[in-house]
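Engineer: Before I ask anything, let me first share the structure, which is written out below as structure tokens.
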Amino acid sequence: MPVTHLSTHADLPQWAVVVACVLSVASLVLLFVELRRRERGGVLVVVTGALAILALLVSIVRPVRVTATESLVGARVLVLADSSRSMELPDGSSKRIDARNRALEALERRAKSARITVLGFGNGNASTLDRGAALAGRSDLTAALRAVADAPEERPQAVVVISDGRLDDPPEGAARDVASILNVPIDTIATTKDAPADASIRHVTAAGAAVAHVPMPLRIEIGCAGGLACDELTVTARELHHDGPPTLLASGLAHVKDGSATVELPVTLERAGVRIVEIALSGASGDAIPENDRRLVAFNVTRERVRVLHVAGRPTNDVRALRQYLKGDASIDLVAFFILRTPTDNVNASQDELALIPFPVDELFSEHLPSFDAVILQDFDAQPYGLEKHLPELAQYVRSGGGLVMVGGPNSFVAGGYAGTPLAEVLPVRLDGSERATAADPAPFVPAWTDVGRLVPMLSPLRNALGDELPQMPGANVLEDARPGGLVLWTHPRRRTKSGAPMPVLAVSDVGNGRSIALGADGGWMLTFSDLGASTGGRAHGALWDGLLGWLMRDPRFEPAQIEPLGDCVGDHASTLRVHVVGSGANAKADLSLDVTRMDAAGPPVHLEHKAADLAAPVDFTLPPLPAGGYSALLRVGDGATTRRDFACEAGGDEWADSRPDVDRLRAIASATSGAFHFAGDAASLDLPKATVVSSERHVAPIAPPWLWAFFAAACVGAHWYARRRSGLS
């Protein structure tokens, strides 16, 4: 709008105007001092003196009339709203996010003349606030301020932060670190005043890496706030399983003093891979946030060495070859037994004179079985040595995460008495235990590759060495069709099962948390001691067992795919699993199916599919909102092998671990940056920078020409000189 006002002449610097005004004021003071020496006419001296001083000042500044079209441009104010999951914590009868949104509305009403930009901050860079989006697992204010400082947009004149103060960065005591990022005042608004009545597991740390069979101390920090009475709390650690109830690893008592306690629990995880451990807290009555009494921690358990139990019925060529491979691998801790006599043998000697000790079947399969990563039964008859009574435990060992390999021979599979036993239920193939069933076919044969066998990564080392060629083997055990979920990798070129399908020779299967392998032939040694084996320098036998044992131990090199959660999985929020199929070609496509099953509670699995997925790029599976808990994802590539990945969805994660608001940290940030602190209810009283006046079409016109101002000043000075002379002043 058009505005007219007076100003000084444009060729006069501002400092000159200030000096002229100061000298004019000094002249008036001296004039009043001189009046004490006058003889008469004091009023006339004052009037003419003041008029002369004013005329001189005006003749110097030469006032002009300025006419311009002016507009107000509001100051740019950046509002950073906390978008972390701690905003979903309760605050009385509502949530902290409700207080945050009310503060935003009050600011928008208060600052109508300001240009307000509202961004949300959480995991990193600040972004446009989406009030309906999922909240972040972190509250990183420092990263958000740095992103604003690096952006090419106009710098804000002020920043307003709305949060509960429970920030990941800047950490406590480092508020001054944010002062130099933007060099503008940062006003802070706290959404919450008081801490809720809450006992929680605030932090879980492990001393060192998680190694199978090795005790690992867990340090658990517990907090109690909001006036909740919790002097003594029980803490338990349990491992969740895909197939079966959780296993109690350790428990202890936490003695809370001054609102906190620390408990150390030693836990031992027996199986490698990703394992989900539940840390639970109990004993606090009146807890307002029971969700943070339970934490689900994923440990990637590694092996220092693979502990293998190898039990062989007799020292054949195949047994010797496998034992030499196992002994020659430094990463394998081998316990091996050759059975050279049965309990019924008549040795004609006392026990003191026997060099061969009895087979310690009870000790191995009752006390020490859980300590082994894999059990290999090679050409071994279960009946004469008392293993039959331990077969249920051995089957449960496999379902709980162990590995089993049964290698063929005259005393294996059906001939070894395994048909119809609990152990037969965990083999990848069926066994025919009828009286008329044939146990073995002694005719030499060359195994045939299946389509799946050519594709699975576990046999890639063998195919790289031999291609599609395999040596002739001296006979095979008679096996039936693969069980549901089993994969047949080699078949017999002539024999058929009862269904008419080619008879399996090599098959693998996932069984609960564990895996099993059936090799229905005792001719693996021919991969070394044959013309074909000699062509590779004997490396083919080791290549076969590298892949089989690697797959059994879930070595990522031999898994058909890799599954990784993208970001944190939060209970009752959608999440994503990313799948990368290993060894797929540039133009390869396959059907992918994913089944996600709850580990700590009953419920139907979530089934997702990608038809004809492009395997050259990662494939993302978007999961529906899942309740908080432990989950197991089973991926199948086409009709081939499967990959399992366990993961956890927490109710609030780290953002809910400590529910206390940190008002002092917000005060410190405001103080360090010369800003102001308010609670959410007082957000409307926050002082924001004033708007800037911007002029356009500016016209300047002098009120009078300079000579006229000079003439008027000279006349006034002359009149004042005359008045001074009449009053007796010089």
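Engineer: In the stretch 72-92, which residue that is outside any strand (DSSP E or B) and modelled with pLDDT under 85 is nearest to ARG131 (Cα to Cα)?
Structural biologist: Checked the stretch 72-92; the qualifying residue nearest to ARG131 (Cα to Cα) is GLY92.
Engineer: Still on this structure: Restrict the check to the stretch 578-586 and report whether at least one residue is under 23 Å from the mean Cα position of the chain (by Cα) and surrounded by fewer than 17 Cβ atoms within 10 Å (Cβ to Cβ).
Structural biologist: yes
Engineer: Of the residues in the stretch 363-399, how many are part of a helix (DSSP H, G or I), crowded, with 19+ Cβ neighbours inside 10 Å and touching a His at 6+ places or on another chain (Cβ under 7 Å)?
Structural biologist: Qualifying residue count for the region: 1.
Engineer: Go through the stretch 197-303 and tell me which strands (runs of 3 or more DSSP E), entirely inside it, have 1 or more residues that are in contact with a helix residue (DSSP H, G or I) (Cβ under 6 Å, 6 or more places away or on another chain) and not hydroxyl-bearing (Ser, Thr, Tyr).
Structural biologist: Correct list: 198-206, 273-282.
Engineer: Go through the stretch 131-145 and give me each residue that's farther than 11 Å from ALA81 by Cβ, small (Gly, Ala, Ser) and open to solvent by less than 20 Å² (accessible area, probe 1.4 Å).
Structural biologist: ALA136, GLY137
Engineer: Which residue out of THR117, THR128, THR188 is of a type in the set (S, T, N, Q) and open to solvent by less than 40 Å² (accessible area, probe 1.4 Å)? Quick ask: steps written out before the conclusion?
Structural biologist: Numbers: THR117 fails: open to solvent by less than 40 Å² (accessible area, probe 1.4 Å); THR128 fails: open to solvent by less than 40 Å² (accessible area, probe 1.4 Å).
THR188 is the lone residue from the list that is of a type in the set (S, T, N, Q) and open to solvent by less than 40 Å² (accessible area, probe 1.4 Å).
Engineer: Can you go through ALA501, ALA507 and tell me which one is touching an Asp or Glu at 6+ places or on another chain (Cβ under 9 Å) and not β-branched (Val, Ile, Thr)?
Structural biologist: So the residue among ALA501, ALA507 that is touching an Asp or Glu at 6+ places or on another chain (Cβ under 9 Å) and not β-branched (Val, Ile, Thr) is ALA501.
Engineer: If I go through the stretch 555-568 residue by residue, how many of them are surrounded by fewer than 22 Cβ atoms within 10 Å (Cβ to Cβ) and not in a strand (DSSP E or B)?
Structural biologist: 5
Engineer: From the list VAL505, VAL488, which one is in a strand (DSSP E or B), closer than 20 Å to ALA419 by Cα and either out of contact with any Phe, Trp or Tyr (no Cβ under 7 Å at 6 or more places or on another chain) or of a type in the set (S, T, N, Q) (or both)?
Structural biologist: VAL488
Engineer: Under the condition of being of a type in the set (D, E, K, R) and open to solvent by 30 Å² or more (accessible area, probe 1.4 Å), which residue from the stretch 253-286 is nearest to GLU221 (Cα to Cα)?
Structural biologist: Going through the qualifying residues, I end up with GLU264.
Engineer: Scan the stretch 173-196 for residues that are closer than 16 Å to PHE677 by Cβ, of a type in the set (D, E, K, R) and part of a loop (DSSP other than H, G, I, E, B) and jot them down.
Structural biologist: Once the filter is applied, which keeps residues that are closer than 16 Å to PHE677 by Cβ, of a type in the set (D, E, K, R) and part of a loop (DSSP other than H, G, I, E, B), the stretch 173-196 yields only LYS193.
Engineer: In addition: Look through LEU459, LEU466, LEU427 and report the one residue that is modelled with pLDDT of 95 or more, open to solvent by less than 50 Å² (accessible area, probe 1.4 Å) and touching a helix residue (DSSP H, G or I) at 6+ places or on another chain (Cβ under 9 Å).
Structural biologist: Of LEU459, LEU466, LEU427, the one residue that is modelled with pLDDT of 95 or more, open to solvent by less than 50 Å² (accessible area, probe 1.4 Å) and touching a helix residue (DSSP H, G or I) at 6+ places or on another chain (Cβ under 9 Å) is LEU427.
Engineer: How many residues are closer than 21 Å to ASN101 by Cα, out of contact with any Pro (no Cβ under 7 Å at 6 or more places or on another chain), open to solvent by less than 40 Å² (accessible area, probe 1.4 Å) and assigned to a loop (DSSP other than H, G, I, E, B) if we restrict to the stretch 654-681?
Structural biologist: The number of residues fulfilling the criteria is 3.
Engineer: Still on this structure: Please work out which residue is nearest to GLY417 (Cα to Cα), limiting yourself to the stretch 469-485 and to residues that are open to solvent by 70 Å² or more (accessible area, probe 1.4 Å) and without any contact (Cβ under 8 Å) to a residue 60 or more places away in the chain. Please lay out each step first, then the result.
Structural biologist: Our first condition is that a residue be open to solvent by 70 Å² or more (accessible area, probe 1.4 Å); within the stretch 469-485, this holds for 469, 472, 484.
After this cut, where a residue has to be without any contact (Cβ under 8 Å) to a residue 60 or more places away in the chain as well, the list is 472, 484.
On the way: GLN472: 27, PRO484: 22 Å.
The selected residue is PRO484.
Engineer: Also, I was wondering about something else. Which of (1) open to solvent by 40 Å² or more (accessible area, probe 1.4 Å); (2) in contact (Cβ under 8 Å) with a residue 60 or more places away in the chain does GLY630 not meet, given it meets every other one?
Structural biologist: Of everything listed in (1) open to solvent by 40 Å² or more (accessible area, probe 1.4 Å); (2) in contact (Cβ under 8 Å) with a residue 60 or more places away in the chain, GLY630 misses just condition (1).
Engineer: While we're here: Would you please name the residue that is modelled with the highest pLDDT, looking only at residues in the stretch 587-619 that are touching a Leu at 6+ places or on another chain (Cβ under 7 Å) and more than 25 Å from ASN513 (Cβ to Cβ)?
Structural biologist: Only one residue tops the list, namely HIS610.
The values are calculated or read from the model by the stated rules, or taken from the named source; none is laboratory data. Keep in mind that this is a model prediction, so the values were computed, not measured. Counting neighbours? That spans all protein chains shown, and the Cβs are built from the backbone with ideal geometry, glycine included. Each accessible area value is taken on the protein alone, full model and side chains, heavy atoms only, with ligands, DNA and RNA left out. Shrake-Rupley method; radii C 1.70, N 1.55, O 1.52, S 1.80 Å.
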